1. Go through (1) farther than 30 Å from Arg6 by Cα; (2) within 18 Å of the chain's Cα centre (by Cα); (3) surrounded by 14 or more Cβ atoms within 10 Å (Cβ to Cβ) and name the single condition Gly76 misses.
2. Out of the residues in the range 1-17 that are among the polar types (S, T, N, Q) and either closer than 22 Å to Glu92 by Cβ or touching a Ser or Thr at 6+ places or on another chain (Cβ under 9 Å) (or both), which is surrounded by the most Cβ atoms within 10 Å (Cβ to Cβ)?
3. Out of the range 46-56, which residues are closer than 23 Å to Leu18 by Cβ and open to solvent by 20 Å² or more (accessible area, probe 1.4 Å)?
4. Considering only residues that are within 25 Å of Arg109 (Cβ to Cβ), open to solvent by 30 Å² or more (accessible area, probe 1.4 Å) and of a type in the set (Gly, Ala, Ser), which ones fall in the range 18-45?
5. Looking at Leu18, is it touching a residue at least 40 places away in the same chain (Cβ under 8 Å) and assigned to a helix (DSSP H, G or I)?
6. Quick check: anything in the range 79-91 under 26 Å from Pro35 (Cβ atoms), touching a residue at least 60 places away in the same chain (Cβ under 8 Å) and of a type in the set (Ser, Thr, Tyr)?
7. Being open to solvent by 30 Å² or more (accessible area, probe 1.4 Å), at pLDDT 95 or above and more than 17 Å from the chain's Cα centre (by Cα) narrows it down to one of Arg147, Arg129, Arg65, so name that one.
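The values are calculated or read from the model by the stated rules, or taken from the named source; none is laboratory data. Just so we're clear, the structure is a prediction, and the values are computed from it rather than from any experiment. Counting neighbours? That spans all protein chains shown, and the Cβs are built from the backbone with ideal geometry, glycine included. When the accessible area is computed, the model is the full protein with side chains, heavy atoms only, and any ligands, DNA or RNA have been set aside. Shrake-Rupley method; radii C 1.70, N 1.55, O 1.52, S 1.80 Å.
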Amino acid sequence: MNQRARIAMSDDDVTAFLADSRKLQLATINPDGTPHLVTMFYGLDEGRIAFWTYQKAQKALNLARDPRVSCLIEAGENYDELRGVLLYGKAEQVTDRGHVMEIGMGIARRMTPGVPDDLLRPYVEQTGRKRVAYLVERTKVVSWDHRRLT
């Protein structure tokens, strides 16, 4: 077995890693073709990466023009601890405002673990007025877990 196959995560490991993580690096494509890379808190919606942003943010403008994205979720400090999942896909905008608010609540919960919903809801409702949400439909998944090398 080659090293790449040894360190790849199983589908269940990928699912668990995404559920346990909170932040991702989101890459969209600028008008000139260069990558636009930002750190985002994210949620999960039926296993799909879910995120939201302000309507006028560069990432939203980029996605309106070209929905292709890369999402990197990673962990570990030393080489033998590195783990990660790289998702390629298309970001589909959520148009139902109720669903946008559900995504916002999911993200807020992950940003502030243990904070009750009744304290999060006013923030989500306030900021949600100017936000759009997206779900990432995966086209390819690459994963690694260097802890398997030992």
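1. (1)
2. Among residues in the range 1-17 that are among the polar types (S, T, N, Q) and either closer than 22 Å to Glu92 by Cβ or touching a Ser or Thr at 6+ places or on another chain (Cβ under 9 Å) (or both), the one surrounded by the most Cβ atoms within 10 Å (Cβ to Cβ) is Thr15.
3. Listed by number, the residues that qualify are Glu46, Gly47, Arg48.
4. Result: Ala19, single match.
5. yes
6. Yes, the range 79-91 contains at least one residue that is under 26 Å from Pro35 (Cβ atoms), touching a residue at least 60 places away in the same chain (Cβ under 8 Å) and of a type in the set (Ser, Thr, Tyr).
7. Working: Arg147 fails: at pLDDT 95 or above; Arg129 fails: at pLDDT 95 or above.
On inspection, the qualifying residue turns out to be Arg65.
Yes or no, residue by residue, for (1) among the aliphatic types (A, V, I, L, M); (2) closer than 19 Å to Val142 by Cβ:
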{"position": "Ser21", "(1), (2)": "no, yes"}
{"position": "Pro31", "(1), (2)": "no, no"}
{"position": "Leu44", "(1), (2)": "yes, yes"}
{"position": "Trp52", "(1), (2)": "no, no"}
{"position": "Leu61", "(1), (2)": "yes, no"}
